[in-house]
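Worksheet: one structure, shown below.
The values are calculated or read from the model by the stated rules, or taken from the named source; none is laboratory data. Computed from a prediction, not measured in an experiment: that's the story for all the values here. For neighbour counting, all protein chains shown are included, and Cβ atoms are generated from backbone atoms with ideal geometry for every residue, glycine included.
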Amino acid sequence: GENVEQHPSTLSVQEGDSAVIKCTYSDSASNYFPWYKQELGKRPQLIIDIRSNVGEKKDQRIAVTLNKTAKHFSLHITETQPEDSAVYFCAASREGGGFKTIFGAGTRLFVKA
Amino acid sequence: NAGVTQTPKFQVLKTGQSMTLQCAQDMNHEYMSWYRQDPGMGLRLIHYSVGAGITDQGEVPNGYNVSRSTTEDFPLRLLSAAPSQTSVYFCASRLSAAGGEKLFFGSGTQLSVL
């Protein structure tokens, strides 16, 4: 079945440094890759997504890259701030025919002031 | 606009008891789903629905039942609760059944089974 692996499980960075979270997916038909942020005690919320027809997407301090051949995608956060501390989930699904969104196990990011 | 509403927020059950977690959305979304969140295991899909009268199993469906009699509501039933079902449960919906869109999550239900 479909599987999404996410690494690392925990990441600690100094404020101002960059953070990178990596995911791999198993279903080659996956073509939509969202990233969700979950603050402590809150619900997950979408922060950025990418479709398989592009290799990179940026939104201010966050960016996502996709390597379809290797079935890898990554989240990059630059100039990290304490409010970036949260759990981040990657996910994979199919646009136009698949119904399931499968999530990675999550990465707990700590940004130290 | 309420979005996705889940009730209750907290629940404690004894082993063998049954209960229903409620989920409602007011966005006319076709697709609704239930996830459970356990430490170190991310969000795992329990059941999903692509429209009224249509449901299907996700990754971890055992011990749970669902039904979708209306577009708005998608309750999750635990017929005989077990300690392994202690978890945080999230209902999530999106506009289209076809995928490729973000999920809107409810606020979650923290369930403890003793």
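Below, the figures for the structure above:
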{"read-out": "Some residue of region B:54-61 being in contact with a strand residue (DSSP E or B) (Cβ under 6 Å, 6 or more places away or on another chain) and among the small types (Gly, Ala, Ser)", "value": "yes"}
{"read-out": "Hits in region B:56-92 - residues which are among the hydroxyl-bearing types (Ser, Thr, Tyr), surrounded by fewer than 18 Cβ atoms within 10 Å (Cβ to Cβ) and outside any loop (DSSP other than H, G, I, E, B)", "value": "B:SER84"}
{"read-out": "Residues within region A:70-104 that are among the small types (Gly, Ala, Ser) and either in contact with a helix residue (DSSP H, G or I) (Cβ under 8 Å, 6 or more places away or on another chain) or part of a loop (DSSP other than H, G, I, E, B) (or both), tallied", "value": "6"}
{"read-out": "Verdict on B:LEU21 being in contact with a helix residue (DSSP H, G or I) (Cβ under 9 Å, 6 or more places away or on another chain), modelled with pLDDT of 95 or more and either buried (at least 16 other Cβ atoms within 10 Å of the Cβ) or hydroxyl-bearing (Ser, Thr, Tyr) (or both)", "value": "no"}
{"read-out": "One residue from A:VAL87, A:VAL54 being among the hydrophobic types (A, V, I, L, M, F, W, C), touching a residue at least 24 places away in the same chain (Cβ under 8 Å) and either over 27 Å from B:MET32 (Cα atoms) or out of contact with any His (no Cβ under 7 Å at 6 or more places or on another chain) (or both)", "value": "A:VAL87"}
{"read-out": "Residue list for region B:30-55, filter: away from chain A (no Cβ under 11 Å) and assigned to a loop (DSSP other than H, G, I, E, B)", "value": "B:ALA52, B:GLY53"}
{"read-out": "Per-region count, region A:57-69, residues assigned to a loop (DSSP other than H, G, I, E, B) and under 14 Å from the mean Cα position of the chain (by Cα)", "value": "1"}
{"read-out": "Complete set of residues in region A:65-113 that are under 14 Å from A:PRO44 (Cβ atoms) and among the polar types (S, T, N, Q)", "value": "A:THR101, A:THR107"}
{"read-out": "Among residues of region A:16-27, those that are surrounded by 13 or more Cβ atoms within 10 Å (Cβ to Cβ) and more than 13 Å from A:SER74 (Cβ to Cβ), counted", "value": "3"}
{"read-out": "Region A:73-99: number of residues that are at the interface with chain B (Cβ under 7 Å from one of its Cβ atoms) and crowded, with 21+ Cβ neighbours inside 10 Å", "value": "2"}
{"read-out": "Residues (over 23 Å from A:ALA29 (Cα atoms), of a type in the set (A, V, I, L, M) and either within 9 Å of chain A (Cβ to nearest Cβ) or in a strand (DSSP E or B) (or both)) located in region B:93-114", "value": "B:LEU111, B:VAL113"}
{"read-out": "Test: residue in region A:33-47 that is surrounded by fewer than 17 Cβ atoms within 10 Å (Cβ to Cβ) and away from chain B (no Cβ under 11 Å)", "value": "yes"}
{"read-out": "Breaking point among (1) assigned to a strand (DSSP E or B); (2) surrounded by fewer than 20 Cβ atoms within 10 Å (Cβ to Cβ); (3) within 14 Å of another protein chain (Cβ to nearest Cβ); (4) in contact (Cβ under 8 Å) with a residue 60 or more places away in the chain, for A:VAL13", "value": "(3)"}
{"read-out": "Residue match in region B:74-83 (condition: farther than 20 Å from A:ALA92 by Cα and within 13 Å of chain A (Cβ to nearest Cβ))", "value": "no"}
